[in-house]
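Have a look at the structure below before the remarks.
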Amino acid sequence: MNPNSPSPPDQPRFLRLFLASEREVRRTVLAMVPSLADAEDIVQQTAAALWEKFAEYDEARPFTPWACRFAQHHTRRWLERRAIWQRLLEHGLAEELTQRREALRPEMERRLAALEKCVEKLPEEQRRLVTGYYYDRTGIGALAAAQGGSVEAVYKMLQRIRQALLECVRTTTAQEVEA
Amino acid sequence: MCADDDRAGGGGVNFPSPEFDEAVAAVCDGSLSERQAEELNVLLRTDTAARDEYLWRVELHARLACDAEAILGGDANAVSLRSPLHLWVRPVLALAACVTLLAGGAWWWRSDMRKNSVVQNSVGPAVVMLAEVSGTVWSRAEGETEMVVANAGMRLPAGDLQTQSPMSTAVLRFNDGTDVALSGEAKLGFEDAGQKKLRVLAGGFTAQVKSQPTGKPLIVRTTTAELQVLGTVFSVAAAPGSTRLDVQSGTVKMTRLADGASVDVPKNSSATASSLPDGKMNASLRAPLPESWTQRFDSGLPEGWRLGEWMTETGPDGSTHGFVQAVLESYPGSKQPNHTIGTIHARSSPAGALARLTDDTVLRLKVRRARRSALHIFVCARPLDEPTGAQMLQLHEVPAWRDLPPGQWGEITLRLADFEQSPATSSGPRGVHYIAITTYEADAGLELTEIALEPR
């Protein structure tokens with residue numbers, strides 16, 4: 001061992017590993033807690049916990065599954081303190097959803113690969129709304145104010161856009177399979 | 001779409017139905033009511049088609065949120081890297097904040113540290129205990145060739161200690177309570193065979209020296225100077241060709257090795273010994289640490305700043321606010337041009353603070369952002385007359401930032417006394433040692449054109 005070899009805790013190495021896994025960690029959290037603001041809190045708690053325990057990380061094993069286990073743990077802890085989410089996921093539904101999501105994953109990966117193309121097909125106004133909500137993380141109130149519409153109308157529009165996108169990825173995939 | 005109980009209906013949610021659509025949308029948007037939650041739970045447990053549809057919709061929503069940069073990032077790429085200093089900060093900068101906590105002396109680290117068992121090295125009797133460690137620290141026993149990772153709680157025989165990175169810190173504690181604190185990229189040899197001797201091999205350190213036995217002062221040796229210390233607080237910064245000494249309390253005798261000239265350096269004074277003798281050695285009174293510090297970036301990076309790597313040089317002689325650091329990291333797979341972790345860091349000595357911290361100190365920032373995001377600010381304060389006892393101040397909610405429209409420059413003034421603070425272990429004067437500015441949101445496009453610490 002010498003001073004030039006990597007040794008935990010090593011911030012740059014941790015950042016590289018975490019950034020490579022960040023998307024999967026976020027997806028893991030969002031699958032259980034889809035609310036963006038809440039999921040963000042959990043991801044941050046997960047990141048802090050991962051850094052704190054980074055010295056225990058076994059380099060012989062892949063980082064992403066290790067990180068996702070932390071994410072699942074912190075998601076569960078977060079859910080334990082939220083009555084509404086408990087009501088949604090109680091009686092074993094959380095476990096059922098997790099298992100079913102794993103089963104659906106290959107198909108999801110295949111179909112959702114078309115998502116970018118489907119977003120491109122959205123009318124300009126809808127694309128702007130999706131960008132504002134998901135990319136810029138602008139609040140619904142601000143989006144409504146920018147559009148001169150009501151908060152209710154923005155929620156409704158987002159709901160319709162998501163359903164249209166889901167329909168699009170299904171159709172696109174079906175067409176590709178037929179082709 | 002913040003559905004309330006009335007709109008959810010009283011007969012349960014069916015699939016497919018507009019109620020199901022609304023409930024799933026409410027899950028995604030965080031506006032789920034208790035009744036919706038209960039009814040959706042029943043439906044998803046009993047109807048597998050509804051459960052699959054729920055998973056598909058949630059997954060699509062998650063993809064839009066997680067992969068927004070890839071799916072929607074085309075517009076945002078129009079924002080290019082431009083002067084002045086850009087801080088493209090990733091959500092993971094919460095972690096940078098963690099790192100800054102560690103670098104500051106790590107108050108949260110100590111509880112773990114105390115749990116560590118004491119490790120007795122087999123080579124020679126232990127002369128010091130490694131009281132605090134953060135980041136990567138190496139030690140090597142005298143006569144050994146291999147350096148090993150050093151952990152807090154270890155007792156070490158005479159040898160070398162090395163702090164590897166700019167964020168590493170270590171405190172060596174001798175049996176009489178004398179503390180020697182290294183930080184940044186420093187290397188120090190140490191021994192105590194009845195008389196303490198330190199050899200500065202790289203960088204510098206700060207020491208709080210207990211009263212030493214008569215005739216056996218603590219000796220510090222650098223390539224250009226020798227110091228004799230009886231009991232004091234002082235800092236040493238050694239660079240090729242010169243050694244700078246800052247004395248906070250007591251007196252330190254400094255001898256220039258090149259010609260044997262010496263000077264007694266009293267409290268609040270400094271002296272420099274170079275390898276090229278330039279007349280009589282003098283000690284000069286150090287200017288008190290100012291209460292204000294300002295740095296502008298409107299003409300790009302100041303001279304001596306670099307993006308892309310940590311700066312490790314000590315500040316110029318006579319500087320009371322040391323050096324600054326900035327690091328830029330770009331991450332593979334990102335469509336954004338670069339991401340920067342921004343910290344402003346003072347030299348690692350008690351005197352090496354950006355400015356004196358008072359109850360009225362405010363942090364002033366001139367900033368702009370491309371997109372909305374949360375702003376978190378971390379400040380490390382350190383005692384000016386002790387080598388240990390860093391204190392973290394942090395602020396997670398910045399109303400002025402929240403209200404700042406994207407694309408518009410704004411000035412944010414924050415009173416540091418209003419920050420959340422870790423417990424202070426010292427009641428003496430403190431200086432601001434570093435400032436870290438982070439956002440949690442992805443690629444907020446944070447720009448900083450001026451930063452200042454000043455009295456309110």
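The values are calculated or read from the model by the stated rules, or taken from the named source; none is laboratory data. Since we're looking at a predicted model, the values are computed, not measured. When we count neighbours, we look across all protein chains shown, and the Cβ atoms used for this are built from the backbone with ideal geometry, even at glycine. These area figures cover heavy atoms from the full protein model, side chains too; ligands, DNA and RNA do not enter into them. Shrake-Rupley method; radii C 1.70, N 1.55, O 1.52, S 1.80 Å.
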Expected output for segment A:103-116 (first residue within 9 Å of chain B (Cβ to nearest Cβ) and open to solvent by less than 10 Å² (accessible area, probe 1.4 Å), partner at pLDDT below 85 and in a helix (DSSP H, G or I), Cβ below 7 Å, 6+ apart or cross-chain) is A:115/B:71
Apart from one, (1) in a helix (DSSP H, G or I); (2) exposed (fewer than 14 other Cβ atoms within 10 Å of the Cβ); (3) in contact with a helix residue (DSSP H, G or I) (Cβ under 8 Å, 6 or more places away or on another chain) all hold for residue A:43; the odd one out is (2)
Output yes when any residue across segment A:56-65 is among the polar types (S, T, N, Q) and within 7 Å of chain B (Cβ to nearest Cβ), and no when none is.
-> no
Practice item. Please work out if residue A:85 is more than 10 Å from chain B (Cβ to nearest Cβ), aromatic (Phe, Trp, Tyr) and within 19 Å of the chain's Cα centre (by Cα). Key: no
Those residues of segment A:10-40 which are open to solvent by less than 10 Å² (accessible area, probe 1.4 Å), under 19 Å from residue A:88 (Cα atoms) and assigned to a helix (DSSP H, G or I) amount to A:29, A:30, A:39
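Rundown of residues vs (1) at pLDDT below 85; (2) facing chain A (nearest Cβ under 7 Å); (3) in contact with a helix residue (DSSP H, G or I) (Cβ under 8 Å, 6 or more places away or on another chain); (4) open to solvent by less than 30 Å² (accessible area, probe 1.4 Å), yes/no style:
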| residue | (1), (2), (3), (4) |
| --- | --- |
| B:14 | no, no, yes, no |
| B:25 | no, yes, yes, yes |
| B:37 | no, yes, yes, yes |
| B:46 | no, no, no, no |
| B:56 | no, yes, yes, yes |
| B:75 | yes, yes, yes, no |
| B:83 | yes, no, no, no |
| B:87 | yes, no, no, yes |
| B:93 | yes, no, no, yes |
Checked pairs for segment B:124-143, first outside the structural domain of residue B:161 (by TED's automatic domain parsing), second assigned to a strand (DSSP E or B), C-beta under 6 Å and 6 or more apart or across chains, list as none
Over segment A:133-159, the set of residues more than 7 Å from chain B (Cβ to nearest Cβ), open to solvent by 30 Å² or more (accessible area, probe 1.4 Å) and in a helix (DSSP H, G or I) is A:141, A:142, A:145, A:146, A:147, A:151, A:153, A:157
- Task: Look at residue B:177 and say whether it is assigned by TED's automatic domain parsing to the domain that holds residue B:271 and either open to solvent by 50 Å² or more (accessible area, probe 1.4 Å) or within 19 Å of residue B:134 (Cβ to Cβ) (or both).
- Result: no
The one condition residue B:255 fails out of (1) open to solvent by 20 Å² or more (accessible area, probe 1.4 Å); (2) in contact (Cβ under 8 Å) with a residue 12 or more places away in the chain; (3) outside any strand (DSSP E or B) is (3)
